[in-house]
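Computed from the coordinates by the stated procedures, all read-outs in this text should not be read as laboratory data. These numbers come from a predicted model, not from an experiment. A quick note on method: Cβ atoms are made from the backbone with ideal geometry, for glycine too, and the neighbour counts reach across all protein chains shown.
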Amino acid sequence: MRSILIISRKEFRDDLRNRWTIAVAVLFAVLALSISYFGGAAAGKIGFTSFDATLASLTTLAAFVVPLIGLLIAYDMVVGEQDNGTLLLVLSYPISRAELVAGKFLGHCGALTAATLAGFGLAVVIIQVMQPEARTADAWLHMGNFVLSVSVLGASFVALASVISVMTGDKARAAGLALVTWLVTVILFDLCLLAVLVVSGGSRWEQSVFPYLLYLNPIDVFRLINLSTLGSGSGNELFMGMTATHIYRPWELYLAMSLWVAVPFGLAQFLFRRKEV
Amino acid sequence: MTNAIDIASLGKRYKGVAALAGVCASVPMGRVIGLLGHNGAGKSTLIKLILGLIKPTSGQVTVLGESPWGQNAVSLRRRIGYLPESVAFYGNLTGSEVIRYLAGLKRAPQQQAGRLLERVGLGHAKDRRISTYSKGMKQRLGLAQALLASPELVVLDEPTAGLDPQATRELYEIVGELRAEGHSVLVSSHVLAELEPHIDSALILRQGELLAAGSIGDLRRQSGLPGIVMVQLKGSSDPAEFVRKLDALGLVHEVRHDGQFNLQIAEGGKLALLQQLASDSAIDDIVVKEASLARLYDYLGAGAKRPGEQSPCAAS
């Protein structure tokens, strides 16, 4: 347990030192503020508009950016040390392989969560100050839900990155695989779902199966968590329309999200235990 | 007292290629043991097996009375210090940050981390980033971390590769101190000549098999390799006359390009021969060379495998 803490603290500090954490926090804050300020520009008005509409846009945005960041900060956590030549040294220390992966995983998740809290937190405070009518309990609840789900989404992609990191032999391959993972989860998966929708044409079979297909991608689960609480009318009619026939319970969605963290994490542990160094 | 390391018919195969086969050896406590062999002889594989970083395909290793991949593997690793071949560290951290991090992982006191940096002569550079360190400084840092938590067994894999003579000497001084403190040390190297004065005994590997094991004296006796007396004649004396004298005594000799004679010492005949030579007025200078580890190594045929050889495991 102590070793896990020591390792995660080092990874967390490395992320801080490499300016990853601060860059991500600034990115989130700037994106959140500009979306909330300029989000209504198409409708001819500039300035802070509906808080829920801002969250909906942020959800779409985070669904693209957070997986990429999660993969980028963590893809080299084991293979990077192997390339560097430090892995052999660390493994000769009195720590188990499970502790090494767990420590690194927790350190990167911590850094990502800190960046999320700092970035979006700052943005929310500014929005709340500038826009008195957004100071409602609901707004805070939705924001809390959003930040929590972003953190879990980040953790899930850090876990996927750790699988990539232990199964590849060199850093370049791991980087390639991380990008492929991002492409598949962010773009290709949803394209395939759309294709299924078009081909099946709304048959009964499709209506009963389709809602569950969304569980197969953590990003879609993340979207569901946020958009289903915001409800329709927030500019998400397309996505909500696809799932209108099914009611998702929040705890089911969070359970699915947690599985998307736990299963890749377990897989990474399993693969690393069998890895030859 | 148990041995520091016991190795029993140990074998390791990588994708069908044997990196080690049927190695049997033991390393007593409190000794400095050299692990010798050419590149690819299986030195690093053997070290990884001893550290429990990989599992053997056959055979057994017992380190400090425990199995390196058994239940107590984690606590066993606290009692072992390891300097990997061409050690690397986190370039973005400073020397003192790295050693403190590693001390935490090994549950060694933080003050010891600072003391060890001083001991290996890195006190002045402890607040510089590792990326600015020279090869020798990294190697010193590697030695410092290997001594964290005062391990009973210290394993040094090619510790002097890329070091200048001064740094090499300092490294072996520390190895000597470790022996004096009662640590067991396993040093691998292919620079045999520099290793010889510092080790108590040697394990010689060749193509994954243990070729010979024992103290330098044992190895010398095993090989029956003669010592050599190098003789320089006076400018005024006649070499042909000297050769006749040698032939009369039945001495095996060769003449070097600079006119120096190399005489082989027959077993037990060293002092008699030296007396004879010392009284010879034709001789200007005499140098005695015992069979060195490097010559032993060549003699034992570390380069190529001869067919039909028996492995030392089966012999013992």
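Considering only A:218, A:67, A:250, the mean-square fluctuation computed in a Gaussian network model of chain A, springs between alpha carbons under 10 angstrom, is largest for A:250.
Label positions at residue A:276 and residue A:203, each projected 7 Å from the Cα along the C-beta direction, are separated by 4.8 nm. Residues B:177, B:97, B:158 in ascending order of nearby Cβ atoms (within 10 Å, fewest first): B:177, B:97, B:158.
Dipole size of the protein assembly as shown about its Cα centre, with +1 on Lys/Arg Cβ and -1 on Asp/Glu Cβ: approximately 880 debye, rounded to the nearest 20. Rounded to the nearest 500, the helix-only mean residue ellipticity at 222 nm of the protein assembly as shown stands at -17000 deg cm²/dmol, with each DSSP H run of n ≥ 4 adding -39,500 (n - 2.57).
Put simply, the convex hull of the Cα atoms in the protein assembly as shown casts, on average, a shadow of 38.5 nm². Of A:126, B:216, the sequence from fewest to most neighbouring Cβ atoms within 10 angstrom is A:126, B:216.
In segment B:5-221 the Cα-Cα distances spread across 10 Å bins starting at 0 as 8, 34, 36, 19, 3, 0 percent of all pairs.
Counting neighbouring Cβ atoms within 10 Å and putting the fewest first, the residues A:138, A:83 line up as A:138, A:83. Along each principal axis, taking the top coordinate minus the bottom one, the Cα set of segment B:185-298 gives 51, 25, 23 Å in descending order. Taking chain A as a Gaussian network of alpha-carbon nodes connected by springs under 10 Å, the highest mean-square fluctuation of the residues A:112, A:100, A:193 belongs to A:193. Applying 1/(1 + (r/R0)^6) with r as the Cβ-Cβ distance of residue B:232 and residue B:173 and R0 = 45 angstrom yields a FRET efficiency of 0.85.
Helix A:218-230 and the long axis of chain A differ in direction by around 30°, with both axes built from C-alpha atoms. State the dimensionless ratio Rg/Rh of segment B:126-192 (Rg: radius of gyration of Cα atoms; Rh: Kirkwood radius). Here Rg/Rh amounts to 0.97.
One way to sum up the overall shape of segment A:1-155 is the equivalent ellipsoid from its Cα gyration tensor, whose semi-axes run 37, 14, 11 Å, largest first. For segment B:5-93, the list of trypsin sites (Lys or Arg not before Pro) that fall in a loop by DSSP and count at most 11 other C-beta atoms within 10 angstrom reads B:15.
Per residue, the average separation of C-alpha pairs within less than 8 Å and at least 6 apart gives chain A a relative contact order of 28 percent.
Normalised by 2.2 N^0.38 Å, where N counts its residues, the alpha-carbon radius of gyration of segment B:74-189 equals 0.97. The equivalent ellipsoid of chain A has semi-axes of 34, 24, 15 Å, largest first, where each one is the square root of 5 times an eigenvalue of the Cα gyration tensor. This model, with +1 at the C-beta of Lys and Arg and -1 at the C-beta of Asp and Glu, gives segment A:2-274 a dipole about its Cα centre of some 580 debye.
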